[in-house]
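Contents: one structure, followed by commentary.
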Amino acid sequence: MVRVRLLAAAILAAGLTLAAGIPARAVVPPVPDPAKDRVVSLWPAQMPAAGISGQYGPSGDGFLTLPYLGDWHIVTSIFDHCSPTYGQNGRICRFDGVIAEAGPNDPAGLYQGYPLTPGGKNDLYYEGHDGYDLSLYFEQVPAAADGLVSYADWATPGCATCSFGQGIRLDHGNGFDTLYGHLSRLLVDRGQWVRRGQVIGISGKTGSVSGAHLHFGVYRHATWNPIDPFGWSGPGRDPWPEDVGNLWLGGAAHTPNVAIPKVAVRAVPVTGSYDVQVSWSSPGDSVTYDLTEYADGASGAPLLAGSTDTTAVVRGQPDHSMWFLVTAHTSLGLWDRGASPLVGFSLPARSKGPL
Ligand SMILES: [Zn+2]
């Protein structure tokens, strides 16, 4: 996201003054486990094998899980430890101490960031960023931890292209907030409690964006100062004095441990009749189902809604065909849809049916 740019010099000076007064943390980071922790990848692919998701900092108080489900998603912009308040100082600093400098060979557009090598395209995107941008394309966005919805609205009323667009802010009650920006849909309201993994919105491209993605930010509740949930593992002192170390649950970034719905639907003609036995299933937490019948290409007729049933017998007709759509909803707000094969009955009836 892009907020109003502040005066870089003032911000930098303030940051350095604060940093000088804070002792460096005497913490030995655990060794990242590439097999287990490789759930977020940086782009371009210059990242070390452990990816961004290894553990870098103290892990005792970690409470966050990644704000997406399923497989890893690419990070298109990192938290800039050297100026995470949208100031510009000619460098972008990653949590592990890797720094990209502005240089003579650098195209250095705001969205391209600065190259790590002269003339190279292996940039660290982009300067002054106060969070992580993730390549979620209109996908379900789960809450990174339990919390209270303290904001669910446009960043700037009446402006679809300003700041983070439609966003949600969660107050986790432990001194930290998370922000989810550029959403296309908000699925929770202010004042509502949400659980880790609960779907709170759909990612999108509202606000100031160059494409659909999720802006994920972590902030101190009291001051709204941004912090990096990965903490700092680079040499020397963290350039950003607000950081508190690694905030990932269990010490490494990973997706929430929730069952993701995946609907399977069967539809089988019942021998000797025009009935169809429809059955369906899905993984998930407290799943309920909607069942809709589509006959001869007509619009759907709802047969079940919000049901915990997983089977139904539906009456068909000679010389007609039909198929069934099942939508599964979990108690965390996740959903999926699945369709049955087309089932047809020809004339005459295949056997002595009741019709
Ligand atoms: Zn962003």
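The values are calculated or read from the model by the stated rules, or taken from the named source; none is laboratory data. Note that this is a predicted model, so its numbers are computed, not measured. In this analysis, Cβ positions are derived from the backbone assuming ideal geometry, glycine residues included, and neighbour counts consider all displayed protein chains. We work out accessible area using only protein heavy atoms, side chains counted, and drop any ligands, DNA or RNA first. Shrake-Rupley method; radii C 1.70, N 1.55, O 1.52, S 1.80 Å.
Residue-level check: of (1) over 24 Å from Tyr125 (Cβ atoms); (2) surrounded by fewer than 24 Cβ atoms within 10 Å (Cβ to Cβ), Ile200 misses just (2). Every condition in (1) open to solvent by 30 Å² or more (accessible area, probe 1.4 Å); (2) within 28 Å of Asn89 (Cβ to Cβ); (3) free of Cβ contacts under 8 Å to residues at least 60 places away in the same chain holds for Pro115 except the one numbered (1). Taking each residue of segment 236-252 that is at negative phi and looking for partners that are of a type in the set (Lys, Arg) with beta-carbon atoms closer than 9 Å, six or more apart or interchain, yields Arg237/Arg25; Asp238/Arg25; Glu242/Arg220; Val244/Arg220; Leu249/Arg196; Ala252/Lys36.
Taking the conditions (1) within 25 Å of Arg94 (Cα to Cα); (2) assigned to a loop (DSSP other than H, G, I, E, B); (3) of a type outside the set (Ser, Thr, Tyr) in turn, Gly217 satisfies each one other than (2). Here is the figure for segment 195-245: residues that are of a type in the set (Val, Ile, Thr), within 18 Å of Arg185 (Cβ to Cβ) and away from the ligand (no atom under 12 Å from the Cβ) total 4. Please go through segment 261-297 and give me each residue that is assigned to a strand (DSSP E or B) and of a type in the set (A, V, I, L, M), ordered by number. Correct list: Ala264, Val265, Ala267, Val268, Val276, Val278, Leu291, Ala295. Scanning segment 121-129 turns up no residue that is within 16 Å of the ligand (Cβ to nearest atom), among the aromatic types (Phe, Trp, Tyr) and modelled with pLDDT of 90 or more.
Within segment 170-179, the set of residues being free of Cβ contacts under 8 Å to residues at least 60 places away in the same chain, outside any loop (DSSP other than H, G, I, E, B) and in contact with a Lys or Arg (Cβ under 9 Å, 6 or more places away or on another chain) comprises Asp177, Leu179. For the condition surrounded by fewer than 18 Cβ atoms within 10 Å (Cβ to Cβ), closer than 22 Å to Gly70 by Cα, touching a residue at least 40 places away in the same chain (Cβ under 8 Å) and within 16 Å of the ligand (Cβ to nearest atom), Tyr137 qualifies.
Considering segment 203-215, the residues that are touching a residue at least 60 places away in the same chain (Cβ under 8 Å) and buried (at least 23 other Cβ atoms within 10 Å of the Cβ) include one that is farthest from the chain's Cα centre (by Cα), namely Gly207.
In segment 77-111, the qualifying residues are those that are assigned to a strand (DSSP E or B) and open to solvent by 50 Å² or more (accessible area, probe 1.4 Å), and the one that is modelled with the lowest pLDDT is Glu101. Within segment 219-234, the only residue that satisfies the criterion of being of a type in the set (A, V, I, L, M, F, W, C), surrounded by 15 or more Cβ atoms within 10 Å (Cβ to Cβ) and within 15 Å of Tyr180 (Cα to Cα) is Ile227. If you filter segment 180-197 down to residues that are basic (Lys, Arg) and in contact (Cβ under 8 Å) with a residue 60 or more places away in the chain, you find that the one that is surrounded by the most Cβ atoms within 10 Å (Cβ to Cβ) is Arg196. Restricting attention to segment 164-175 and to residues that are touching a strand residue (DSSP E or B) at 6+ places or on another chain (Cβ under 6 Å) and open to solvent by 20 Å² or more (accessible area, probe 1.4 Å), the residue that is nearest to the ligand (Cβ to nearest atom) turns out to be Phe164.
Of a type in the set (S, T, N, Q) and either within 16 Å of the ligand (Cβ to nearest atom) or assigned by TED's automatic domain parsing to the domain that holds Gly128 (or both) - does that describe any residue in segment 265-272? So far as segment 265-272 goes, no, none of its residues is of a type in the set (S, T, N, Q) and either within 16 Å of the ligand (Cβ to nearest atom) or assigned by TED's automatic domain parsing to the domain that holds Gly128 (or both).
Within segment 235-260, the set of residues being crowded, with 19+ Cβ neighbours inside 10 Å and not in a loop (DSSP other than H, G, I, E, B) comprises Asn246, Trp248, Leu249, Gly251.
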